[in-house]
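Q: Okay, here's the structure, questions in a sec.
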């Protein structure tokens, strides 16, 4: 009888932890980031948001854009690994893109001069800013970003 009570208590603890981490909520419905990812792929990009965020020194702004790969940088391998590259926007502004390839497939074949599109979270800096979160959030708490390159979409 004691083993049964201990077993039922253990199941209760597991259930409480699952509730706390939202396991049942995510299984029942698409996550917010999945819904936004499908919106990104069907909606037209408003590139004025990125220009405005840079001009007003704003950060934590969801942006999208397109441009030409101006320069490929060495991968950042400290902590989560990121591919890094500079994109020159049609306005002439440049922006650093940081793409986490620990959470999404690595983008192969990047080359300077090629067109690229992106969506993610913008962080202002004096050099033009950084766009990160260019992939899905496995926890589902952040809007999904993406990279389109060479006829493929990476998330």
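The values are calculated or read from the model by the stated rules, or taken from the named source; none is laboratory data. Computed from a predicted structure; not experimentally measured. As a convention, Cβ positions derive from the backbone with ideal geometry for all residues, glycine included, and neighbour counts pool all protein chains shown.
Q: Could you check, for region 91-111, whether at least one of its residues is under 27 Å from residue 56 (Cα atoms), touching a residue at least 12 places away in the same chain (Cβ under 8 Å), part of a loop (DSSP other than H, G, I, E, B) and over 11 Å from the mean Cα position of the chain (by Cα)?
A: If we filter region 91-111 for residues that are under 27 Å from residue 56 (Cα atoms), which is where we start, we get 91-100.
Narrowing further to those that are touching a residue at least 12 places away in the same chain (Cβ under 8 Å): 91, 93-100.
Restricting the remaining residues to those that are part of a loop (DSSP other than H, G, I, E, B) gives 91, 93.
Right, trim to over 11 Å from the mean Cα position of the chain (by Cα) and you get 91, 93.
Yes, region 91-111 contains at least one residue that is under 27 Å from residue 56 (Cα atoms), touching a residue at least 12 places away in the same chain (Cβ under 8 Å), part of a loop (DSSP other than H, G, I, E, B) and over 11 Å from the mean Cα position of the chain (by Cα).
Q: When you scan region 146-155, how many residues do you find that are in contact (Cβ under 8 Å) with a residue 60 or more places away in the chain and assigned to a loop (DSSP other than H, G, I, E, B)?
A: 1
Let's see how each residue does on (1) assigned by TED's automatic domain parsing to the domain that holds residue 147; (2) out of contact with any helix residue (DSSP H, G or I) (no Cβ under 9 Å at 6 or more places or on another chain); (3) within 21 Å of residue 139 (Cα to Cα):
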{"residue": "73", "(1), (2), (3)": "yes, yes, no"}
{"residue": "76", "(1), (2), (3)": "yes, yes, no"}
{"residue": "89", "(1), (2), (3)": "yes, no, no"}
{"residue": "92", "(1), (2), (3)": "yes, yes, no"}
{"residue": "107", "(1), (2), (3)": "yes, yes, no"}
{"residue": "115", "(1), (2), (3)": "yes, yes, no"}
{"residue": "119", "(1), (2), (3)": "yes, no, yes"}
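Q: Tell me which residues, restricted to region 112-127, are surrounded by fewer than 17 Cβ atoms within 10 Å (Cβ to Cβ) and either under 15 Å from the mean Cα position of the chain (by Cα) or touching a residue at least 40 places away in the same chain (Cβ under 8 Å) (or both).
A: Looking only at region 112-127, we keep the residues that are surrounded by fewer than 17 Cβ atoms within 10 Å (Cβ to Cβ), and these are 112-115, 117, 125-127.
If the condition is that a residue be surrounded by fewer than 17 Cβ atoms within 10 Å (Cβ to Cβ) and either under 15 Å from the mean Cα position of the chain (by Cα) or touching a residue at least 40 places away in the same chain (Cβ under 8 Å) (or both), then 112, 113, 114, 115, 117 are the ones that fit.
Q: Select from region 77-111 the residues that are loosely packed, with under 14 Cβ neighbours inside 10 Å and on the phi < 0 side of the Ramachandran plot and list them in ascending order. Give the steps one after another, and end with the answer.
A: Quick first cut of region 77-111, residues loosely packed, with under 14 Cβ neighbours inside 10 Å only: 77-80, 90-92, 102, 105-106, 108-109, 111.
Within region 77-111, 77, 78, 80, 90, 91, 102, 105, 106, 108, 111 meet the criteria.
Q: Counting only residues that are out of contact with any helix residue (DSSP H, G or I) (no Cβ under 8 Å at 6 or more places or on another chain) and in a strand (DSSP E or B), which one in region 50-71 is farthest from residue 112 (Cα to Cα)?
A: To start, the set of residues in region 50-71 that are out of contact with any helix residue (DSSP H, G or I) (no Cβ under 8 Å at 6 or more places or on another chain) comprises 50-57, 60, 66-71.
After this cut, where a residue has to be in a strand (DSSP E or B) as well, the list is 66-71.
Numbers: 66: 14, 67: 11, 68: 7, 69: 5, 70: 5, 71: 6 Å.
Ranking the candidates gives 66 first.
Q: Which of the residues that make up region 133-144 are free of Cβ contacts under 8 Å to residues at least 40 places away in the same chain and touching a strand residue (DSSP E or B) at 6+ places or on another chain (Cβ under 9 Å)? Explain how you work it out, then say what you get.
A: Looking only at region 133-144, we keep the residues that are free of Cβ contacts under 8 Å to residues at least 40 places away in the same chain, and these are 133-135, 138-139.
If the condition is that a residue be free of Cβ contacts under 8 Å to residues at least 40 places away in the same chain and touching a strand residue (DSSP E or B) at 6+ places or on another chain (Cβ under 9 Å), then 133, 134, 135 are the ones that fit.
Q: Suppose we filter region 124-154 for residues that are farther than 17 Å from residue 45 by Cα and touching a helix residue (DSSP H, G or I) at 6+ places or on another chain (Cβ under 7 Å); how many remain?
A: 7
Q: Of the numbered conditions (1) surrounded by fewer than 18 Cβ atoms within 10 Å (Cβ to Cβ); (2) in a strand (DSSP E or B), residue 138 fails exactly one; give the number of that condition.
A: Of the numbered conditions (1) surrounded by fewer than 18 Cβ atoms within 10 Å (Cβ to Cβ); (2) in a strand (DSSP E or B), the odd one out for residue 138 is (2).
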